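The values are calculated or read from the model by the stated rules, or taken from the named source; none is laboratory data. Fair warning: this is a prediction, and the values are worked out from it, not measured in the lab. Methodologically, a virtual Cβ is constructed for each residue, glycine included, from the backbone with ideal geometry; neighbour enumeration extends over all protein chains shown.
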Amino acid sequence: MQLQQIDIYPEALLSCEAKDLHALFPEPTLLHLPGKNSQPLFISILLHGNETTGFLAIQRILNQYAQQSLPRSLSIFFGNTRAAALGLRRLDSQPDYNRIWPGTDTTPCPETFMASQIVDIMRAKNVFASIDIHNNTGLNPHYACINKLDNRYLQLANLFSRLVVYFLRPLGVQSAAFAKLCPAVTLECGRPGMQFGLDHAYAYLKDCLHLTELATHPVHIQDIDLFHTTAQVKIKQDSSFSFSDRGAELLFDTQIDRMNFAEISAGTCFGSVQNDITMPVLATDEHGVDVTKQFFKIDNKQLQIKRKTMPSMLTLDERVIRQDCLCYLMERIHIEYSK
């Protein structure tokens, strides 16, 4: 695998579907386009092959500016086109393309080398800002994520949504690597295939292309709901789970994703278990410390939350749960903004 860099794109890019992109870009591809403002905006799409909103939004942008100059130079990374061809997050033989960036704890591989290359390339280009566009599989509102509590980063996120999530883990995500270079944000645009998600991402990208600078003053408190990810929850490797098989060690309710971005109280049930002894989930904090006992207990064969929290990213997709995680747990934070 080798990173491909181009500055002219094939005309078929303007009309192809995400599943056909691999025929145009068989390798991960970094496209550089000139604009009136030479400091480039970096956009990464299809880090997960089944999350297509970013690709469709970029396609719309490219069509709009096909016959005119871009307001700002643009560098676009087309990520896992192999997985996109099959409509999958990633292939079983691949690492997660949003866990391979500098700062990762993933074993070094061609993908981690490629990600480091991209960061070095964009550092040399004095990148203006970074936007990583994603979808999710459960019921989630549109929101933005940042990895640095800085006014410019918060402003960039707030341009997309009043819902903003600050997180430090998982390691190796694109936005965290680019946060060392410039204001960086991850956009969560709801489920793929939704017109509203596409329209929202496109309008945001268009606005960002016209930005001359990012404000350094604080976001008004009344305009932002800021949350901090306190734990990532995974199913233990040796535990079975299901949404339908009552023989599984952990049986989830088929409407569990309705708890996303809802503050839930202590005692809320996440699922039923076969016994009161074996804990089937593992919760780790932003430092990688096991905090399962702080958040979960088993009572009367129910997996219950022990404290008030707010889940996000709960999904009914069992493959995604195994490849990534069950959910994240968050708390609302209030910070003093410094000018």
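In the set (1) assigned to a strand (DSSP E or B); (2) aliphatic (A, V, I, L, M); (3) surrounded by fewer than 18 Cβ atoms within 10 Å (Cβ to Cβ), Ala66 fails one condition alone, (1).
Among the numbered conditions (1) under 23 Å from Arg89 (Cβ atoms); (2) out of contact with any Ser or Thr (no Cβ under 9 Å at 6 or more places or on another chain); (3) surrounded by fewer than 18 Cβ atoms within 10 Å (Cβ to Cβ), the only one that Lys19 does not meet is (2). Counting only strands (runs of 3 or more DSSP E) that sit completely within the range 256-339, those holding 1 or more residues that are under 17 Å from the mean Cα position of the chain (by Cα), buried (at least 16 other Cβ atoms within 10 Å of the Cβ) and of a type in the set (Phe, Trp, Tyr) correspond to 327-332.
Answer yes or no: is there a residue in the range 239-255 that is modelled with pLDDT of 95 or more and closer than 17 Å to Asn140 by Cβ. Yes, there is a match, as at least one residue in the range 239-255 is modelled with pLDDT of 95 or more and closer than 17 Å to Asn140 by Cβ. Between Arg90, Arg60, the distinction of being in a loop (DSSP other than H, G, I, E, B), assigned by TED's automatic domain parsing to the domain that holds Lys125 and in contact with a Phe, Trp or Tyr (Cβ under 9 Å, 6 or more places away or on another chain) belongs to Arg90 only.
Using the structure shown, decide if Ala83 is of a type in the set (Gly, Ala, Ser) and more than 23 Å from Ser116 (Cβ to Cβ). Judged against the criteria, Ala83 is not a match.
Here Leu154 passes the criteria (1) farther than 18 Å from Ile45 by Cβ; (2) part of a loop (DSSP other than H, G, I, E, B) except the one numbered (2). Scoring Cys109 on the criteria (1) over 13 Å from the mean Cα position of the chain (by Cα); (2) of a type outside the set (Val, Ile, Thr); (3) crowded, with 19+ Cβ neighbours inside 10 Å leaves a single failure, condition (3).
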